[in-house]
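Every number here is computed from the coordinates shown, using simple stated rules; none is lab data. In this text, all values refer to a predicted model and were calculated from it rather than measured experimentally. Every residue, glycine among them, receives a Cβ derived from its backbone with ideal geometry; neighbour counts consider all protein chains shown.
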Amino acid sequence: MGLLSDPSLSTHNKLVDNLAKHVRKVCYAFYTAGVVWFLCLALPEFNHGTYLSENALSPGLVYPEIRIDANRLAVQLLEELQRERKDHQSTTPHAWILAKFNEFGLETHTHNYSLRYPFGGGKEFHGKNIYGILRAPRIGSTEGIVFSAPYRAPSSVHVEISPSVPLLLAFADFARRKNYWAKDLIFLVTEQEQLGMQAWLEAYHDGDKTPDSSNSYLLSGNLPARAGSLQAALNIEVQDLEIDYVDVKIEGLNGKLPNLDMFNLVQRIMAREGVTSGYKQTPRKKRRSSLSNFEQNLRQMLAMLATQSSGVPNGNHGLFHRYRIDALTISAAKRVTNSNVKSNPTSSAVPLLKAIEGIARSLNNLLERFHQSFFFYVIVHNDRYISIGDYMPALVALVACSFIKAYLTWSTLDASAIVLSQETIALKPDTKSLKLSLPYGSVLIYLAVVLLIGYLANVLPLQHYILELPLNAAPLTATILIALSLIGFVLPFVVILPDGGLELLHISLLLIYGCTLIVIGLLNFSLGFFVGVLTVPMVVALNTSTRNSTLRSLARVWTLLLNPLVVIYIIVLVMSFHQFPELTMQQLLLRAATAAMDAAAFALVDSVIYGNWLYFAICTIFLPIWIICWTLALARRRGNEIHQPKLKTN
Amino acid sequence: MDFKFYKLLLLGGAVRLYFSGTSLASLIGNRVEFATPLNSFKRVQEGVFLLQQGIDPYRGDLVHETPLLLKALSGILLNYAQLLPILYILLDLCTGSLLYFLSRRFVEQKLQEQRLERKDYAKDTEELQYSADDNCNISELVLLAYLFNPLTIMSCIGLTSTVLSNLLLAMYLYAMIRRQLLVCLALLAFETVRSLYPVVLIAPLLLLFARHSVSRGIGILMLFATCCLAVVGANFLVMNSWNFLDGTLGFIFYFRDLQPNIGLFWYFFTEMFEHFRTMFLITFQLNATVLYLVPLSIKLRKEPLLLATVLVALMAVFRAYPSLGDVGFYLALLPLWRRCWKFMAHGFVVFTFFLITLSMMGALWHLWIYAGSANANFYFGATLAFCTGQIFLITDLLFAHVKREFCLYNGQKIMIDGEEARILLE
């Protein structure tokens, strides 16, 4: 083909020239191809049925041994716990849980942690987790499995899930009587939602390191006992012992997912025990829908991507992922009392307990960490998935747009410059060193300044002198973000790049944009894909040399609309419109504004405490890219500047 | 002009100094893309410690620096450890300025050569000829490309011993352009004993000093062998044992450490059946050394420096433990061939390749090692693409050179019957 050994002397290729005339068409074709490919993935022909790759799991190889007495114990414990809860309106009944763990003969420990909240003058919060270890009789504590249940105080705003603790205790009591455990079992009760779990995990893995207390916000302390390297974790959130269905939650921190085998295992065992369970499972009434198969699949996919893209875990399991522990949450919903279904309170939780036992015994069989099946997948249906090889082309097609445009712009730079110079000044065919004479230095400095603005947004809100300002977290963060985007907004009016600078900036934007999109897409596909779908058309439409003024102003409006802050505001606005449809427009706008500010502050806190990088990505990557886009949309050149003052003096 | 040279040098030093103070330095020191088993600073530290304890560092499988340098570094590390980054920065600046003087000298020689051959050149080829301005333009570009290339900056602040290799290579090239055979041979012997592959750089020397007489060629080879033996002997005197030979050259040849890097060896040798190891070892090492040596030497017999550039580049691609510092070094030599750039068709594509693959390497390494969700194949994919990009670049340079030579004598536009002719490769 002669790609490497093309003997022609001219580097000018006719094909490239012709393509360059239709850059946008080519790019939009790629864009459409990417989106269409993604939509196609919802068709059953394009996705695959799930299967278990890890033979060691062998789900359902043994008969469950857990019996009705475990259920009786759970019911009895729940009654006791309800009595305790009356005295502990906003705290956790640590003493009771501790006593029960001890009573069942587990090696019981407590874990204290404290949080120094970065805002509001450095308040400190304290918390306490309780965990019991069941030492495996067959091995020397080298591996462990975690079963955790979050505890919520009655004053919590979230759904009550207090039956999870009795269920966990009942299972612990059952597990202690068995001698086949090959891994230590850790039974963990956490409080304060994800904070407790994060603190426990940090203490488990880094507890013996002396913490650098000057700039850490979560002081997780150390644990008195450990159980080797953790292989898997199951988080249990049960609303009632009589359950309607089980929703399996998998999305973790920064969009990480547990191994697909883990999800499949849970699905298999739940199905065998006759528990209705699924990914994003909803109550039975809603499930009967008239939607077509394709539409249902697509909704499921989009719902998964939406949850994943924020990078915020939707359960305590999500925090395990960053320590390479595969984990998921089984969240059981309460059965709405229905006269048709006669339930028997003495055996209602038995299927769930059997399922937990089955999962535990399968995990117990693991010979090595989950590694056989996929870590990158999108679940289309409870038993169908799309693997990374199938969904990546969609993103690659989007990213390809920016690289194709960059290449075509670069290779036609000479030609367009000749046209320009012919039109403006006298003919000056100085083409030989045009690419070398571009103002690389000033463009680099401009890029550095823009990056610095983004970096400031990441660093400033946590500086001491800023924190001392008498402002709450949300307004403070929002003010800094808005101020910095305003600086970015004004920047192209103040700084005007020399000749050729805009073209060079355009090419570097396309390259940087493509690289970031592909890196973000690798780390968190959902975020990368959504950002790509949203912004690629705008980036393709940008053109520094259009003469058409309406097109230009359209591009400017489009760019303004895609400012990261504006996008966040619009997303929050749409969400609050769905949540509170009764509000008037004005109320809605105000409420969305405060909610967006809160969201910014939460994202910052998330990034500091949990290591969520969404805030970092928005500030340090998307904001600078937006500023460059805005500079290009304005497309102010030195030549125009010379003309304008002349007019004024006249 | 001289003022500008010092300004750039100072700026380059300042950038390095700034970054070596940040947390980036230790991060880079641990990145596999920069620090390989051969050049990482950690291993030097280990070797210094073992030396201090009176243990032969080469009996284990950690230290692969030559005894002479290890002794020298241990002297500095034990007494002035905090000055070490500054020393590395100074050495890097030396490399930069050597390349600068090298390019000035090179352009002068080219101009002289052109004066002699001018009458043979075709008419419209001024832009292909070196001009008087190039004297500062090209050397400035070389300096810029060395001092401000992120790859060389990173490998300098990560304290990799690639800095030393680069310095030795730059000294070798400078001595070559000054036609000082003995200095060349000594430097080359030293670098060969350190990292094996530079042995191929004897070819440009042979072309330069012994083009017309075989006996002189044999003499140079003998001299080179003597130099190598002398360096090895000096190393032996330092350690008083021959273990170091297996620890340095043997370690490179037998490829004992399968730690991932940006090269092509590690993945292949992890995946391969063990009983084929010897065969593939020889194949891969041949590929990295002599496979391209003969054809390139024949083709580029008139351009020893271009031959050296291409060999250094091929070495950086195919060697057993390549690091990005090596890549940065040969990239800095490309501006010397500025007059060929007109014919380089893939420059932008290669740049984009580098950008994408380097940013992907970071992400995929994170996913593989820290998150545990990706695996070796993902990372190898990125490094393979990176190597492909480099090969594109080298081939492109070679072809551009051939085309320039052709056009210089035949004119840039060849008309046959009033139409522009298409040139075919046969």
Open item on the list: Taking each residue in B:362-373, count the Cβ atoms of any other chain within 10 Å of its Cβ, then average. What number comes out?
Closed with: 5
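Above 21 Å lies some portion of the pair distances; for the stretch B:161-232, what is it as a whole percent of all C-alpha pairs?
The proportion of pairs with Cα distances above 21 Å equals 18 percent.
Looking at the stretch A:26-124, which trypsin sites (Lys or Arg not before Pro) are in a loop (DSSP not H, G, I, E or B) and have at most 15 other Cβ atoms within 10 Å? Provide the component values of the computation, followed by the final result.
Working: sites: A:R67, A:R72, A:R83, A:R85, A:K86, A:K100, A:R116, A:K123; in loops: A:R67, A:K123.
Sites meeting the loop and neighbour criteria: A:R67, A:K123.
Convert 37 °C to kelvin, take the viscosity as 0.692 mPa s, use the Kirkwood radius over C-alpha pairs of the protein assembly as shown as Rh, and evaluate the Stokes-Einstein diffusion coefficient in µm²/s, rounded to a whole number. Walk me through the intermediate numbers first.
On the way: Rh = 33.2 Å.
The estimated diffusion coefficient comes to 99 µm²/s.
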Task: Semi-axes of the equivalent ellipsoid for the stretch A:439-642, Cα gyration tensor, largest first, Å - done: 30, 20, 18
TODO: Go ahead and run the numbers for FRET between A:A95 and A:K123, Cβ-Cβ distance against an R0 of 41 Å, rounding to 0.05.
DONE: 0.95
Task: Under 15 Å, Cβ to Cβ, from A:F30 - net charge with Lys/Arg +1 and Asp/Glu -1 - done: +3
Task: Exposure proxy order (Cβ contacts within 10 Å, fewest to most) of A:E468, B:E65, A:E80, B:E117 - done: A:E468, B:E117, A:E80, B:E65
Open item on the list: Give me a comma-separated list of calculated 3J(HN,Hα) values for the stretch A:38-55, in order, Karplus coefficients 6.51, -1.76, 1.60 applied at θ = phi - 60°, integers in Hz, x for any Gly or Pro.
Closed with: 4, 5, 4, 4, 6, 6, x, 6, 9, 10, 10, x, 6, 8, 8, 8, 8, 5
- [ ] Given the options B:N261, B:N135, B:N166, state which has the largest fluctuation in a GNM of chain B using a 10 Å cut-off (strictly under) for Cα springs.
- [x] B:N135
Open item on the list: Taking the Cα centroid of the stretch B:92-146 and of the stretch B:317-335, what is the distance between the two, rounded to the nearest whole Å?
Closed with: 22 Å
TODO: Starting from the Kirkwood radius over alpha-carbon pairs of the stretch A:117-177, derive D by Stokes-Einstein at 25 °C in a medium of 0.890 mPa s and give it in µm² s⁻¹.
DONE: 165 µm²/s
Task: 222 nm mean residue ellipticity, helices alone, for the protein assembly as shown (DSSP H n ≥ 4; -39,500 (n - 2.57); rounded to 500) - done: -18500 deg cm²/dmol
Task: Mean projected area (nm²) of the alpha-carbon convex hull when the stretch B:269-319 is viewed from all directions - done: 3.7 nm²
Open item on the list: Can you give the FRET efficiency to the nearest 0.05 for A:Y180 and A:E80, using r as the Cβ-Cβ distance and R₀ = 25 Å?
Closed with: 0.25
Task: Between the stretch B:1-78 and the stretch A:17-34, the Cα center-to-center distance that results, in Å - done: 48 Å
Task: Rounded to 5, percent antiparallel among DSSP beta bridges of the protein assembly as shown - done: 55 percent
Open item on the list: Which three extents, in angstrom, do the Cα atoms of the stretch B:2-335 have along their principal axes, listed largest first?
Closed with: 67, 47, 40
Task: Label-to-label distance, nm, for residues given as A:S292 and A:E103 (7 Å Cα→Cβ offset) - done: 5.8 nm
Open item on the list: Please compute the Kirkwood hydrodynamic radius over the stretch A:227-325, one decimal place, Å, based on all pairs of different Cα atoms.
Closed with: 15.0 Å
TODO: Just list whichever of A:K405/B:K413; B:K110/B:K403; A:K209/B:K42; B:K123/B:K403; A:K14/B:K342 have alpha carbons separated by over 25 Å in the model shown.
DONE: A:K405/B:K413
Open item on the list: List the residues, sorted by chain then number, that are 5 or more residues from A:L234 or on another chain and whose placed amide H is less than 5 Å from its amide H.
Closed with: A:V146, A:F147, A:S148
Open item on the list: Based only on other Cβ atoms within 10 Å, what is the fewest-to-most ordering of A:V574, A:V566, B:V402?
Closed with: A:V574, A:V566, B:V402
TODO: Per residue of the stretch A:86-99, in order, report the coupling 6.51 cos²θ - 1.76 cosθ + 1.60 (Karplus, θ = phi - 60°) as ³J(HN,Hα) in whole Hz, putting x for Gly and Pro.
DONE: 4, 8, 10, 5, 10, 10, 9, x, 4, 4, 5, 5, 4, 4
Open item on the list: Between the stretch B:215-269 and the stretch B:358-385, how far is it from one alpha carbon centroid to the other, in angstrom?
Closed with: 31 Å
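Can you flag which of A:K100/A:K354; A:K100/A:K334; A:K100/A:K256 are past 30 Å Cα-Cα? Mind dumping the intermediate values first?
Values: A:K100/A:K354 21 Å; A:K100/A:K334 25 Å; A:K100/A:K256 35 Å.
Checking Cα-Cα distances, A:K100/A:K256 exceed 30 Å.
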Open item on the list: Averaged across orientations, what area in nm² does the convex hull of the alpha carbons in the stretch B:25-101 project?
Closed with: 5.9 nm²
- [ ] Please report B:L116, A:L588 as a ranked list, fewest other C-beta atoms within 10 angstrom at the top and most at the bottom.
- [x] B:L116, A:L588
TODO: Determine ³J(HN,Hα), in whole Hz, for all residues of the stretch A:66-72 in sequence, where each value follows from phi through the Karplus function 6.51 cos²θ - 1.76 cosθ + 1.60 and θ = phi - 60°; x replaces Gly and Pro.
DONE: 6, 10, 5, 5, 5, 5, 4
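When N counts the residues of the stretch B:233-314, how does its alpha-carbon radius of gyration compare numerically with 2.2 N^0.38 Å, as a ratio? Display every interim value, and only then the final one.
Working: Rg = 16.4 Å, N = 82, 2.2 N^0.38 = 11.7 Å.
Compactness ratio reported: 1.40.
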